[in-house]
Structure formats: C-alpha cells, structure tokens
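The values are calculated or read from the model by the stated rules, or taken from the named source; none is laboratory data. These numbers come from a predicted model, not from an experiment. All Cβ positions, even for glycine, are placed from backbone atoms using ideal geometry, and neighbour counts span all protein chains on display. Ligands, DNA and RNA are stripped out before the accessible areas are found, and what is left, the full protein with its side chains, is counted by its heavy atoms. Shrake-Rupley method; radii C 1.70, N 1.55, O 1.52, S 1.80 Å.
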Amino acid sequence: MSYIPEEVINEVKSNVDIVELIGQYVQLNKRGTNYMASCPFHEDNNPSFSVSQPKQIYKCFSCGRGGNIFGFLQEIEGISFTESVAKAAEFANITVDEKYIQAQPSKQQEFSYLYDIHEKANDFYHYYLMSTNNGEEAYDYLIQRQLTKEVLEVFQFGLAPNNSQLLVQYLQKAGFTSEQLVDSGIFYMADSGELIDRFRNRIIIPLRNSRGDVVAFSGRVFQENSDKSAKYLNSPETNIFKKGKLIYNLDNARLPIRNQNKVLIAEGYMDVISLYQAGYENVVASMGTSLSEDHLKQLSKMTNTLIFAFDGDDAGQKATSRAFQTAQGITNAEIKAIQIPNKLDPDEWIKEHGQESFQQLINQSISQFEFNREFFKKDYNLNDEYELAQYIEKVIELISQIKSPIEQQLRINDLVNEYHLSETIITEQVNRARDIRPNNYNQPTEQYNSVEPPQSSYSNAPITTQEPALQIKSKRAYNSEKQIIFYLIYFEEAWDYMEELSNPPVFFHDFTSKAFFELDRYYYEGNHLPLTGIIDRINDTQVSHFLTSLMWEQELFDFTRQLLDDCFKVLQQEFIQQEINELRKKVVQYQKQQNYSEMNHTLTRIMNLTRQIKEI
C-alpha cells in the first residue's frame, strides 16, 4: 500500500476550497454562512446537503454522509483515498509524485486492465488518424465536415486500421492476453481463432466516463463505398461500460455547466462536437436512445436549467416528447427544449445560419407545456370542430399537470383568448382533470430503453441510504463525550491532557469509544491537527456520522483543561448512575420474591453509590 506524505495532503487540502470543488458536481446556493444543495448521493427533493466553507467539510442531514474534500471525491467518483488526493491536487494545479498514486490499489483494480487496454487503444487510434499516411483519407473526410484540428485533438478522434492485427500486436506486446482483449469489447474472436477489431476501418470516437477514463468506443463509417451496414457501431457493454449510465462529454462539460448554470442535452456525439466547436462547452449527450431519469437527475444536481437540443425532424420531436415525459420526476430544475425549424439538426442549423442564430433558438427555448401544446396539434384536424374539442381537452389535461397556480392561470388565459372560450368552463375542466388524475400520473411511463445501472461499490447512481441512528443511552454522557472528542480533533493540549491520565479513558457509548481509538491511531501516525481527515479513513457508518456531525455542529472556542475535567467527571457519574439503575431493577425483583435480606443489601449499595456521585 502506498503512502502520501502528510505535508503533501495538507498542501492539497489548504489549496482547494471545498465550495469550489463540490460546486463542480452540484449546484450550491448560499444560505447564511453555508451552502446548500440537493444531495448527490441519494434522492433529495428537499435540499439537505450542506457545505461549510469555514470548516471545509460537507454534511447531508438526510443520508448522514459527510467529510472533507477527499471524502467527497471518494464518494462521488468511486475512487480510493490516494486517488482522491491526486484528483484534488489536479484541481489545485499541484503536482503529486506518481509513485504515491501508482502503488495504491483502488476500487477499480479488478478491472484495471480494461481501462489500460482502452487507454492504449485510444492512443493507437488517435496516432493512426493524425500521424500516419493511412489516416489521411479519414482525416480529410473530417476536415471536409468542417471539424477543426483542435476539435479532433480535444475529443481524441481516431481511426481503426482495416488490418486488425496492427492493434492486436501492439496490445499483446504491452502484455495483454487474447482473453483480456476479447473482454474489452474492442475485439471478437473469429471462427478461425483470429482476433478481429470490431471497429476496423472506422473513424473512432472515444467514450469517457465522468472521470475522463476511456471506457468504450463508437466507430463511424467514412467511405461511401463501405460494405458496413451500420453507420455507427458502439462497444458492447463490459464491466467498465454500462450504456445506461454514461453521459457523453460530462467529463469536459461539468465545469462549464456549473459556471453557466445550464446544460444542453443533444441526441448524439456529433451534435455535441459541433456544438462544442460553435462555442458551447456545456453540452452533453446520452448514449443513443438511452436517456433516462437517472441521467437527468445527475445533471439536475449540477444545474437547475436543462435544455433538450434534439433534431427538428419528426424523430427528434418524438424524442423530445419522450424526454419531457422522462423528466416528469425532476422537480428541482427547469426543463426546456429548443425548437429547430425546417427539420434540421443542431449541426446543420449552425452551418446554415450561424452560431448567433442558434443562440436565439436557445434563448427562445420552450417549456414542456408549450412543446406539447404544439406537438399534439399534428394529431388533430383543428378545422374540424369535434377534433378541435378533443385537442382542447388534451391541452386542459396538460394545464392540470402544471404545479404553479400562477402559471396554470396564465395557461388558462391563453387558451380562453386563443379559442374564445369561457374562463369559468375551462377552469372547471382543469380542476376536474386534476382531481381525477391518478397519484402516479406524473411518473414517466416510457423511457428510452434505459439500462438499469448495476449496484456496485463504486456506482455513482443515487443511493437511498437513511441516516444511521445513534443509540444515545445517556444524554449527559453523550454531550461530554462530544466535547472530549472535539477537543482531540482541534487542540494539541487535549492530547497532552490524555497522556497525563493515569488510566486510559473509558467512554460510555460504543461509537464514541471507537471514534477515540480511531483518532488515537490517526494522531500517533503523525497526522497534524485539525484531525478532520480522519473522516476519510473510517468505514463504520455510525462513527463516521458521529464525527461528521460533531465537526459540523460544534463551534470552535478556546481550550480549557477545566472543561475536560468536568467532562470526565460526568462520565464517571453516568457509569455509576448506570449501575444504580441496574440495582434498582434488582430491588424490585427482590421485593417481589420477598427476599428482604438481598433487597436491603442492594439498597445500601445504592445509597453508597449515590454518595459517590455527589463526591465526584
């Protein structure tokens, strides 16, 4: 196991503001001295995730998770402590020696060879496109499609040779077995026993996870006379690639999304790339037709404005309708859609009309109600009175779904004015539609064939863990133990005090006893105060919850030995009181048994113990 020197950890910690770092993942709003957000670790419609800038810690008051910058990165990224230090160092532009990182086993270690294969294959594909004569035809094709060299570098475009053995031999020389290459999904075994690159003779677009690791590829045909049936071919699902979980370009777009408080959601990779080239860095896409509520929830934690930028043709409009339906459960963000005229896609519109014109479309993006009101018109002949009435009833149903009373009234007014109807009748119909709507009406009934994400130790999917309850047997003892532990976290004098004790301290509650022993070990490993980094080393959920809550709730004030004296006296008293309570139960039993001798003996013992409490 590797070891990062404490001075390196402290340097990283002191140069990273927890608000700025967490702000890349969730949208933080200042409330008093703290920052609030919906918790990224579980379903949280009522924001309960809080970040303290003065204390440089976070705490969710719903699920109980909490810690410092390293703990957050470990949880959100599914990485080891050492990797979290490296990630935070990268954020602060601090260089950490590779020897501290490479030797550390991570949660991804089991499938590390798959990441390595994809990274090396990506380097090979990119080099083959950009630096060889065989890549010139594909390179010219991309340039003709008005992609710049800079964009090809940013998105690491590549080319798979028609001869699969070039890549096979390259990877085998790097030490990978045939079985591992097949596991990667890049290759399949032909009947002859030969390894075949499934992407051969295709332009390669690497697919990266939220951490920026290449986990899959998409290959595109570029030759007109190609005999390949599918224009695009994606990697099959593997142990590191789950189609339903990946959001394309999220690794690059996270910071722009946060800075602009807005995300554009496109249909495909090329839409993302063309929008990026046009100046929109806050753009992402789902994997083909797999846009899911989980995707939208993940994005809504980063921004409160989600805009669908799908194609303007019939298929794109149907996709927008399904996306709005999938978004019904998203209550913490505004969901809108761009309407692209003439059935064009974003790339085509920008090439024909320019970036400024596309920005106008973004500025004019419409709500779900506005979209559906127009979208459903095509299903009715509005010149026929009967079908017009059916259409109006459909619009009334849509109005009944609007949660805001003010917006609902505005929509009623629009409908009344457009079709010269009675406001009273429309209002009655809206109320009736709302009253008869099933409780689960707003739940999405159709998704884009989403793939259920697997449960794993490093999954970034929302987790519905409830806050671990602490079993408090004595409030007086608990408050005293909190003060002792708090002093040990923040004051060197508290450790001097502990060394002067004639006997090791004994705590009343199991979780505080465990917390003390963890702190004791952490302190004597040479870690410097404040010992807030202990949170990242603890696996026990109760101990972690106790320490995080303690750091969050306690206000920092001067150290006094007298307060520690008083706290330990309280613990002594509470242990004696616990014994008294047990003896009182025995007195009741002896009385029922008419065993007066033992009863009197026990009462005497209780009197002596009560006297001891007063003398402490």
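Taking 60 Å as R0, compute the FRET efficiency from the Cβ-Cβ separation of SER112 and PHE376 and round it to 0.05.
So the FRET efficiency works out to roughly 0.75.
Looking at (1) 42, 38, 18; (2) 54, 33, 21; (3) 56, 37, 21, which value of semi-axes √(5λ) of the Cα gyration tensor in Å comes from a calculation on the structure shown?
(3)
How far apart, in nm, are two points set 7 Å out from the Cα along the Cα-to-Cβ line at ASP558 and at VAL151?
So the label points at ASP558 and VAL151 sit 6.5 nm apart.
Using modelled amide H (1.01 Å from N, peptide plane; none on Pro or chain starts), what sits under 5 Å from the amide H of PHE217, excluding residues fewer than 5 places away?
Under 5 Å from the amide H of PHE217 lie the amide H atoms of LEU207, SER235, each far enough along the sequence or on another chain.
Summing +1 for each Lys or Arg and -1 for each Asp or Glu, what net charge is found among the other residues whose Cβ lies under 12 Å from the Cβ of SER38?
With Lys, Arg at +1 and Asp, Glu at -1, the net is 0.
Just for the Cα atoms in the range 101-227, what are the lengths along the principal axes, largest first, rounded to whole Å?
Over the range 101-227, Cα extents along the principal axes are 45, 38, 20 Å.
Stretch GLN577-GLU525 to full length: gain in nm at 0.36 nm per residue minus the Cα-Cα span?
Going from the current span to full extension adds 15.1 nm.
Say a site is exposed when it is one of the chymotrypsin sites (Phe, Trp or Tyr not before Pro), sits in a DSSP loop, and has at most 12 other Cβ atoms within 10 Å; what is then the longest site-free stretch of the chain?
In the chain, the maximal stretch lacking such sites is 4-556.
Using amide H atoms built in the peptide plane, which far-off residues or other-chain residues are under 5 Å from LEU159 H to H?
Sorted by chain and number, the residues that satisfy this are HIS126, TYR128, LEU129, ILE204.
So for the pair THR331, ILE143, with labels modelled 7 Å out along Cα→Cβ, what separation do we get in nm?
That separation, rounded to one decimal, is 5.5 nm.
Treating only the Cβ atoms of Lys and Arg (+1) and Asp and Glu (-1) as charged, compute the dipole magnitude of the range 494-542 about its Cα centre; round to the nearest 20 debye.
Dipole about the Cα centre, nearest 20: 120 debye.
Non-local amide H neighbours of ILE57 (under 5 Å, H modeled in plane, Pro and chain starts lacking H): which ones?
Placed amide hydrogens put SER52 under 5 Å from ILE57.
Given Cβ point charges of +1 (Lys, Arg) and -1 (Asp, Glu) and nothing else, what value in debye, to the nearest 20, does the dipole of the chain about its Cα centre take?
The calculated dipole for the chain is roughly 1720 debye.
Identify the residues of the range 200-224 with backbone N under 19 Å of a label point that sits 7 angstrom from the Cα of GLU281 along the Cα-to-Cβ direction, or state none.
Hits in the range 200-224 for GLU281 at 19 Å: 208-213.
Please go through the residue pairs LYS514/LYS569; LYS243/LYS301; LYS149/LYS245; LYS297/LYS403; LYS59/LYS475; LYS318/LYS394 and name each one whose alpha carbons sit more than 24 Å apart in this structure.
The pairs that break the limit, which is 24 Å between Cα atoms, are LYS149/LYS245.
For the range 215-220, what does the Karplus curve 6.51 cos²θ - 1.76 cosθ + 1.60, with θ = phi - 60°, yield as ³J(HN,Hα) per residue in whole Hz, taken in order and with x for Gly and Pro?
With coefficients 6.51, -1.76 and 1.60, one gets 10, 6, 9, 10, x, 10 Hz.
Separation between the GLN471 and VAL506 pseudo-spin-labels, each 7 Å from Cα along Cα→Cβ, expressed in nm?
1.9
Along the Cα-to-Cβ line of GLN339, 7 Å from the Cα, sits a label point; which residues in the range 295-317 have backbone N less than 20 Å from it?
306-317
Using all Cα-Cα distances in the range 244-399, what percent lands in each 10 angstrom bin from 0 up to the longest?
It works out to 11, 40, 33, 12, 3, 0, in whole percents.
Need the C-alpha centroid separation for the range 243-298 versus the range 334-386, integer Å.
Computed from Cα coordinates, the inter-centre distance equals 19 Å.
Quick one: length gained pulling GLN260 to VAL416 fully straight, 0.36 nm per residue minus the C-alpha distance?
52.5 nm
Taking the solvent-accessible surface of protein heavy atoms with a 1.4 Å probe, what is the per residue accessible area of the chain in Å²?
49
Just subtract the alpha-carbon distance of THR424 and GLU43 from 0.36 nm times their residue separation and send over the number in nm, one decimal.
Answer, rounded to one decimal: 133.3 nm.
I'd like the projected area of the range 164-275, averaged over all directions, using the convex hull of its alpha carbons. Report it in nm² with one decimal.
Spelled out: convex hull of the Cα atoms, projected over all directions, averaged, 8.8 nm².
Run the accessible area of the range 1-77 with a 1.4 Å probe and give the carbon-and-sulfur part as a rounded percent.
Answer for the range 1-77: carbon and sulfur cover 47 percent of the accessible area.
Run the accessible area of the range 488-616 with a 1.4 Å probe and give the carbon-and-sulfur part as a rounded percent.
C and S atoms contribute 47 percent here.
Quote the charge dipole size of the range 511-616 about the Cα centre in Debye, to the nearest 20; the model charges only the Cβ of Lys and Arg (+1) and of Asp and Glu (-1).
Dipole magnitude for the range 511-616 comes out near 740 debye.
What FRET efficiency comes out for the pair ASP313/SER367, r = Cβ-Cβ distance, R0 = 22 Å, nearest 0.05?
So, using R0 = 22 Å, E works out to roughly 0.55.
Among the lysines, which have Cα under 16 Å from the Cα of LYS173 when same-chain residues fewer than 8 positions away are ignored?
LYS120
Which of the helices in the chain, when you take each full DSSP H run, stretch at least 30 Å along the axis at their Cα atoms and have an average Kyte-Doolittle score of -1.0 or higher?
In the chain, the long hydrophobic H runs are 561-593.
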